Amino acid sequence: MATVTFRDETATGRAVTEWEVAGLPERMTVRELIRLRVREEVARHNARPSDRFNGLVRPLDAETEMNGYRLREPRRIDGERQAEIAERAFLANGFFMLAGDRQVEDLDETVDLTVDPDVVFIKLVALAGG
């Protein structure tokens with residue numbers, strides 16, 4: 001079994017958040033890692049629903065804020081829906097994912113978590129006025 005460290009970083013490499021998940025298979029696809037990450041963050045939010053969601057992708061009907069998303073009211077979030085949004089965002093280059101020191105580019109690519117236990121997500125932010 002493997003332990004993976006999920007980390008969000010800015011485009012300049014500054015760590016924003018980091019957490020570990022243990023007991024994982026030694027090899028997982030990029031799709032499985034993204035879905036696992038999203039399920040974990042949604043489960044944390046749903047344990048204590050609030051009007052703010054700090055996650056990889058924006059939930060439906062939420063406004064983007066600095067380092068998160070504002071919900072109209074405190075509510076639970078659908079983890080499966082968030083996972084689908086995250087997959088589409090990955091395919092549309094809404095964020096990059098690094099396994100170890102290499103960028104992964106295909107949802108079906110397999111990552112060996114015994115070799116690359118650090119998974120980094122770098123969200124891309126649209127420039128204002130562009």
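For this structure, a couple of remarks:
- When Leu56, Leu60 are checked against the criterion of being closer than 20 Å to Arg88 by Cα, modelled with pLDDT under 95, open to solvent by 60 Å² or more (accessible area, probe 1.4 Å) and aliphatic (A, V, I, L, M), Leu60 stands alone in meeting it.
- Filter result for Gly79 (touching a residue at least 40 places away in the same chain (Cβ under 8 Å) and of a type in the set (Gly, Ala, Ser)): yes
- Residue match in the range 105-125 (condition: in a loop (DSSP other than H, G, I, E, B), polar (S, T, N, Q) and under 19 Å from Gly13 (Cα atoms)): no
- Residue in the range 76-99 that is small (Gly, Ala, Ser), surrounded by 14 or more Cβ atoms within 10 Å (Cβ to Cβ), part of a strand (DSSP E or B) and over 16 Å from the mean Cα position of the chain (by Cα) present: no
- Hits in the range 29-75 (condition: more than 26 Å from Asp108 (Cα to Cα), touching a residue at least 12 places away in the same chain (Cβ under 8 Å) and in a helix (DSSP H, G or I)): His45, Asn46
- Of all residues in the range 1-28 being in contact (Cβ under 8 Å) with a residue 24 or more places away in the chain, β-branched (Val, Ile, Thr) and more than 16 Å from Gly55 (Cα to Cα), the one that is surrounded by the fewest Cβ atoms within 10 Å (Cβ to Cβ): Thr3
The values are calculated or read from the model by the stated rules, or taken from the named source; none is laboratory data. Note that the structure is a prediction, hence the values are computed from the model and not measured. Note that each Cβ is placed from the backbone with ideal geometry, even for glycine, and that neighbours are counted across all protein chains shown. Note: areas computed on protein heavy atoms with side chains; ligands, DNA, RNA excluded. Shrake-Rupley method; radii C 1.70, N 1.55, O 1.52, S 1.80 Å.
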